[in-house]
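Engineer: Structure in structure tokens, see below.
The values are calculated or read from the model by the stated rules, or taken from the named source; none is laboratory data. Since this is a predicted model, take the numbers as computed values, not measurements. Here the Cβ positions follow ideal geometry from the backbone for every residue, glycine too, while neighbour counts run over all protein chains shown.
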Amino acid sequence: MLSPKESRKKKILIGALAVSLVTVILGLGLGLGLDLQKCRNKVVPQVSCRTRCNEHYDGDVPGCRCDANCQSSKSCCFDYHDICTVPTEQWECTKLRCGEKRLTESKCQCSDDCLSAGDCCTNYQHVCHGEKQWVEDVCENLAEPKCPAGFKQQPLLLVSLDGLRAEYLQTWSTLIPVLDKLS
């Protein structure tokens with residue numbers, strides 16, 4: 001059994017440890033809470049042009065730029081050329097272009113709204129949605145010619161006065177897939 005003096009010392013020691021423990025817990029909680037708030041308020045620097053092509057430059061947001069002036073200021077994102085410039089020169093979708101922000105200078109679109117706008121690239125459904133391309137289908141022998149279901153545009157007929165030269169197939173087969181069917 002402990003003497004009253006030792007018992008009192010033990011109670012004081014336990015009380016001091018409890019107060020110290022509560023102080024440490026509160027200190028950590030407040031300190032981490034304040035740091036968490038700093039993290040929430042932190043503006044993340046922009047590092048890619050994905051969905052940001054031709055976006056107006058905002059000096060408050062740190063990071064790289066994706067507008068036409070970025071080249072003169074040498075502040076373009078690493079993927080500016082691939083995401084914002086190259087697609088305006090292409091007639092096809094790539095996996096990288098699927099779901100892109102609409103590019104007004106582009107020859108065709110790979111944006112999510114291109115079907116409703118009617119300006120999708122020819123391979124949009126194949127590349128972006130995994131559908132089989134119609135050029136991969138077996139040719140049918142139709143007595144009465146008709147366009148595939150859902151085809152809204154008039155068919156393009158290519159007539160050559162000197163016969164369908166092999167050069168046409170090599171040059172235009174990626175742009176006009178029906179040429180492969182004519183070979």
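Engineer: Evaluate region 79-87: report whether one residue or more is out of contact with any helix residue (DSSP H, G or I) (no Cβ under 8 Å at 6 or more places or on another chain), among the β-branched types (Val, Ile, Thr), farther than 25 Å from GLY130 by Cβ and not in a loop (DSSP other than H, G, I, E, B).
Structural biologist: Scanning region 79-87 turns up at least one residue that is out of contact with any helix residue (DSSP H, G or I) (no Cβ under 8 Å at 6 or more places or on another chain), among the β-branched types (Val, Ile, Thr), farther than 25 Å from GLY130 by Cβ and not in a loop (DSSP other than H, G, I, E, B).
Engineer: Looking only at region 120-137, decide whether some residue is surrounded by 10 or more Cβ atoms within 10 Å (Cβ to Cβ), in a loop (DSSP other than H, G, I, E, B), among the aromatic types (Phe, Trp, Tyr) and at pLDDT below 80.
Structural biologist: No, region 120-137 contains no residue that is surrounded by 10 or more Cβ atoms within 10 Å (Cβ to Cβ), in a loop (DSSP other than H, G, I, E, B), among the aromatic types (Phe, Trp, Tyr) and at pLDDT below 80.
Engineer: Related question: Using beta carbons and a limit of 8 Å, which pairs, at least six apart or on different chains, have the first residue in region 51-68 and small (Gly, Ala, Ser) and the second one surrounded by 14 or more Cβ atoms within 10 Å (Cβ to Cβ) and part of a loop (DSSP other than H, G, I, E, B)?
Structural biologist: These pairs meet every condition: GLY63/CYS77; ALA68/ASN54.
Engineer: Collect the residues in region 90-119 that are surrounded by fewer than 10 Cβ atoms within 10 Å (Cβ to Cβ) and within 17 Å of CYS49 (Cβ to Cβ), keeping them in residue-number order.
Structural biologist: Passing the criteria: LYS95, THR104.
Engineer: Next question. Any idea which residue in region 142-169 is farthest from TRP91 (Cα to Cα), counting only those that are at pLDDT below 70 and among the polar types (S, T, N, Q)?
Structural biologist: In this case the residue turns out to be SER160.
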